[in-house]
1. Which value in nm describes the separation of the simple spin-label points at residue 111 and residue 322, placed 7 Å from the Cα toward the beta carbon?
2. For a quick check: with amide H placed at 1.01 Å from N, whose amide H comes under 5 Å from residue 137's, ignoring anything fewer than 5 positions away on the same chain?
3. Sum up the charges of everything whose Cβ sits under 14 Å from the Cβ of residue 287, counting Lys and Arg as +1 and Asp and Glu as -1, but leave residue 287 out.
4. Under a Cβ-Cβ cut-off of 13 Å, what is the net charge of the residues other than residue 325 that fall near it, where Lys and Arg count +1 and Asp and Glu count -1?
5. Please give the contour-minus-distance gain from residue 206 to residue 312: 0.36 nm per residue of separation, less the Cα-Cα distance, rounded to one decimal in nm.
6. Cut-off under 18 Å on the C-alpha distance; same-chain residues fewer than 8 positions from residue 287 excluded. Which lysines are left, in chain and number order?
7. What nm value, rounded to one decimal, do you get for the distance between residue 82 and residue 148 when each label is placed 7 Å out toward the C-beta?
8. Listed here are the pairs 104/269; 75/224; 158/330; 108/228; which of them are more than 23 Å apart at the Cα?
Amino acid sequence: MAVSGTGAVFLALIIALLVVIIILLGICWRFLGPGIMRRLLRPRRCPSELPEYFSGNMSGNLRTITYFDYATLKKATRDFHQKNQLGRGGFGPVYLGKLDDGKKVAVKQLSVGKSGQGESEFFVEVNMITSIQHKNLVRLVGCCSEGTQRLLVYEYMKNKSLDKILFGKANIPHRGDGLPFLNWKTRHQIIVGIARGLQYLHEESNLRIVHRDIKASNILLDDKFQPKISDFGLARFFPEDQTYLSTAFAGTLGYTAPEYAIRGELTVKADTYSFGVLVLEIISSMKNTDLTLPNEMQYLPEHAWRLYEQKKVLELVDAKVQAGEGFEEKEVMQVCQIALLCVQPYPDSRPAMSEAVRMLTMKTDQTIPPPLKPAFLDRKNLNRDNKDADTSTMEMMRSPAYWMMTPSPAVDRPYDMSFGK
Ligand SMILES: Nc1ncnc2c1ncn2[C@@H]1O[C@H](COP(=O)(O)OP(=O)(O)OP(=O)(O)O)[C@@H](O)[C@H]1O
Ligand SMILES: [Mg+2]
């Protein structure tokens, strides 16, 4: 009887304790709000408790990265403050962050949303990205996955992205916005660095990655103006059937190889095409598509080809670069020719990136195969020949995409680029 009495008291105490806990939780929920409460109650995960697929020691991985919790990145970016936003791309916004040890980082908040991929897939992909490493690829410092948040933390690049330097105020001497004007030697160094980064992705890394989105804003520059390709492997985060649309649609379209834009045929040569367009931009400080320019200059590869045919390719070069330090006429002409080889209409005609690197770094007295006409038609002639065409056909022909998808009539067979080997 005495035992059952003690048991009853014990049971009563437990029930009373539970009631008190429930009442306390209710009060906290009422005053702190459900958001904070959920966060407080969520079990904390420390790096040592990370799932096995994020061990950082998977075979083939070259280095480990840090697992950040959301609160750390929130603090580093001052609550993802607008003022800290470095930019926004097709994957989401990027913020400048300062970690507790004073190190600056760029935090990319992926817009994967509720329907986005699961945590394990995210870590597997991060692990894959971590297994490639090259001095011309931007380094992933760490990542975070909490709730629906997926964040990637990169090393911060002091000299921002190439688009800001080429097309921003920095390209107007003495009116810069803190970013310097780039002379020919630096531009050449950037071109060779990007080519080497792509060569690694295509031919040397254990994953063989096609970047798919090579463009000026995806080339970051470190304090010594060494280029670092960013967003490599990022397309892997998006399922094949989910089209990734960049905010700068026209710009991205201007970089896209015709066979990929039209038929979805994706090979490493699609990157080679984008690289060719990007090189023309670096030489000229002009955007690949600029509809404010006179008709014949609106599409950069077309403009470059026309000047090349007329043996006036030096007119393509930014006048300030020509007047600036380290300008070498022969070298610039050679690089223009390599860029035109990269934008050939047929993928097989474009050089592999190792071949592009070889040509970019060889002496200027060596010969380079002549390029054929890139992937477009002469718009003027076509408009003239189609005076009577119906409006919808004319509309289609006016679209930049049309000019990119139409192979040149001058090219009726794939060009065998043996480079005299
Ligand atoms: N590691 C970094 N260091 C410094 N600035 C960065 C870094 N990463 C990105 N940025 C800046 O943030 C901007 C936005 O980058 P983001 O990659 O999101 O967009 P994007 O390159 O314009 O388009 P896309 O989504 O196609 O890559 C870039 O233009 C660049 O200026
Ligand atoms: Mg980018």
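Any read-out appearing in this document is the output of simple, stated calculations on the displayed coordinates, not a laboratory observation. Quick caveat, the model's predicted, so the values are computed rather than measured. Here Cβ is always computed from backbone atoms with ideal geometry, including for glycine, and neighbour counts include all displayed protein chains.
1. Once both label points are built, they end up 4.1 nm from each other.
2. Amide H neighbours of residue 137: 229.
3. -3
4. Net local charge, residue 325 excluded: +2.
5. So the chain would gain 33.9 nm between residue 206 and residue 312.
6. Candidates past the 8-residue exclusion: 160, 164, 169, 215, 320.
7. 2.2 nm
8. The answer is 104/269; 75/224; 158/330.
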